[in-house]
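So the structure is just underneath, and the comments pick up after that.
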Amino acid sequence: MTIDWAIVGKAAPLLLEGAVVTLQVSALSAIIGLFLGAVSGLASLSQSALLRWVVAAYVDFIRGTPLLIQIFLVFFALPVIGIRLDEFWAGVLALSLNAAAFVAEVVRGGVGAIEKGQTEAARSIGMKNGQILVYILLPQAYRQMVPPLTNEIISLVKNSSLLSVISVYELTRAGQAIISIHFVPFEIYTLLAVYYYVLLKALSWLSREVERRLPQW
Amino acid sequence: MVSAEKASSAFPLLRIEALEKGFGDQHVLRGIDIDVGAGETVVVIGASGSGKTTLLRCLNHLETPDAGAIWLDGETIGGAFTAPRGAWRPASQGALADQRRHFGFVFQRFNLFPHLTARDNVAIGPEKVRGLAKAEARALAERELTRVQLADHMDKRPVQLSGGQQQRVAIARALAMEPRMMLFDEPTSALDPELVQEVLDVMRALSASGMTMMVVTHEMSFAREVADRVIFMAGGVIAEEGPPEALFGSPQEDATRKFLRHIARF
């Protein structure tokens, strides 16, 4: 077979625009997802049975349904109840809500894995639950939460390619647009794989750096 | 009869009355009554499973007792009676947290905070709970650590310290809260034999300084030497109690004799 190098040269900068959108969508979703996930994760550790149940039900729903359906729900179903978002923000919202559920589990697991003696020791010097969480449990949990959270963010970046189905002009969609005009699937999909691979490698490297810089004990 | 009389001068620093605690269908404490006077050192001995640790953990409500009551300085711990002999109303989490700091608790496995230096392990309570300024809390921590012979180790994290050093940090952490009394739950059981003495030395000095202490331990020589009173627990009740000379010298109960014979073999 022959590789159409001319198209590769033309496509590379076009795909870069898509890659920028992928980065934007992923970064926004990661920030919102981490925030919502942290809040939900902490809620699932709270004393309130209602809060715990709400989070458990939410996590169960997200885990029990395909992301693609969640994206369709946000994009097509929300307008029915009067919430109209463009493709970009619908995509960000869908990815954020999805990531939040997994982040919540990481936070709950990370804090829950800390030895019970830590809470007891903090209690015995008169700390209240909020103080125990902030000063004793979370500082110890951060470190062990970095690797699983990195995995979640990596999934999130990969999952963002699904947003092509609602016409978010991210990396995958940009590639498809070129393919539909020039019919060069091999070149473009290979190029797409390279782009994603580089993005994700950079992300893993970043995570290792963060982990390395966290205080050790 | 007890609930009515508040902190009269005759009231002991700690009063435990008819304390009961079970886990599932296991009845661990079956009605414990103990008075501890200010400045007294009481050592609790007994076989594992006799309820010693549970007793200690009930005092500062790390475990919630099923029945009975605990008074510290005339104040009920973990709740209040609505009237003398009236119904028991549990305290809020916040109110209970305020009461807990009056007991200094030393754990078998130290339970130091691994992410903090020795100094910060001790300072965090005074700063966050007692509301001292950061500099003041650190100065207090340094004094307490010096008192337990750790002046040279203040910047180390727990993982850099030996077991005996960690336990002494834990004692300093408890003391920095200026507790009314100290509770020791088998403080030397997790230590290598050569590290036991340095912890017992600190406890001995603390007892001599007039701190009220309740110590669960298997260190019989410590009990003999330091205790004002020894309590022998068996099957969730107090089987025998008395001054160490009497309890070790001429135990009255069969169970006590059997336990002491068993211990002597080690």
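The values are calculated or read from the model by the stated rules, or taken from the named source; none is laboratory data. Note that the coordinates shown come from a computational prediction; the quantities given were computed from them, not determined experimentally. Neighbour counts are summed over all protein chains in view; Cβ atoms, including those assigned to glycine, are modelled from backbone coordinates with ideal geometry. For accessibility, only protein heavy atoms count, side chains too; no ligands or nucleic acids. Shrake-Rupley method; radii C 1.70, N 1.55, O 1.52, S 1.80 Å.
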Quiz item: Which condition breaks for A:LEU156 when tested against (1) open to solvent by less than 60 Å² (accessible area, probe 1.4 Å); (2) modelled with pLDDT under 95?
Solution: (2)
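Out of curiosity, is B:GLY46 more than 10 Å from chain A (Cβ to nearest Cβ) and surrounded by fewer than 23 Cβ atoms within 10 Å (Cβ to Cβ)? Walk me through it before giving the result.
On the way: more than 10 Å from chain A (Cβ to nearest Cβ): yes; surrounded by fewer than 23 Cβ atoms within 10 Å (Cβ to Cβ): no.
Answer is no for this residue.
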Self-check item: Looking only at the range B:119-147, and only at residues there that are open to solvent by less than 60 Å² (accessible area, probe 1.4 Å) and among the β-branched types (Val, Ile, Thr), the one that is farthest from the other protein chains (Cβ to nearest Cβ)
Solution: B:VAL122
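Taking A:GLN144, is it open to solvent by 30 Å² or more (accessible area, probe 1.4 Å) and either at the interface with chain B (Cβ under 10 Å from one of its Cβ atoms) or under 17 Å from the mean Cα position of the chain (by Cα) (or both)? Lay out the reasoning, then the answer.
Details: open to solvent by 30 Å² or more (accessible area, probe 1.4 Å): yes; either at the interface with chain B (Cβ under 10 Å from one of its Cβ atoms) or under 17 Å from the mean Cα position of the chain (by Cα) (or both): no.
Judged against the criteria, A:GLN144 is not a match.
When you scan the range B:112-125, do you find a residue that is at negative phi, touching a strand residue (DSSP E or B) at 6+ places or on another chain (Cβ under 6 Å) and of a type in the set (Phe, Trp, Tyr), even just one? Can you show your working first?
So in the range B:112-125, the residues at negative phi come out as B:112-125.
In the following step, the residues that additionally are touching a strand residue (DSSP E or B) at 6+ places or on another chain (Cβ under 6 Å) were identified as none.
Checked against the condition, which is being at negative phi, touching a strand residue (DSSP E or B) at 6+ places or on another chain (Cβ under 6 Å) and of a type in the set (Phe, Trp, Tyr), the range B:112-125 yields no hits at all.
Sort through A:SER160, A:SER167 and tell me the only one that's within 15 Å of the chain's Cα centre (by Cα) and of a type in the set (Ser, Thr, Tyr).
Details: A:SER167 fails: within 15 Å of the chain's Cα centre (by Cα).
None of the others qualify; the one that does is A:SER160.
Just to verify a result, which residue in the range B:177-217, among those that are among the charged types (D, E, K, R) and open to solvent by less than 40 Å² (accessible area, probe 1.4 Å), is nearest to B:CYS58 (Cα to Cα)?
We begin by selecting, within the range B:177-217, every residue among the charged types (D, E, K, R); these are B:178, B:180, B:185-186, B:192, B:194, B:198, B:201, B:204.
Checking the rest, the ones that are also open to solvent by less than 40 Å² (accessible area, probe 1.4 Å) come to B:185-186.
Working: B:ASP185: 12, B:GLU186: 15 Å.
Ranking the qualifying residues of the range B:177-217, first place goes to B:ASP185.
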Quiz item: Looking only at the range B:74-87, which residues are surrounded by 16 or more Cβ atoms within 10 Å (Cβ to Cβ) and within 26 Å of B:VAL237 (Cβ to Cβ)?
Solution: B:THR76, B:ILE77, B:GLY78, B:GLY79
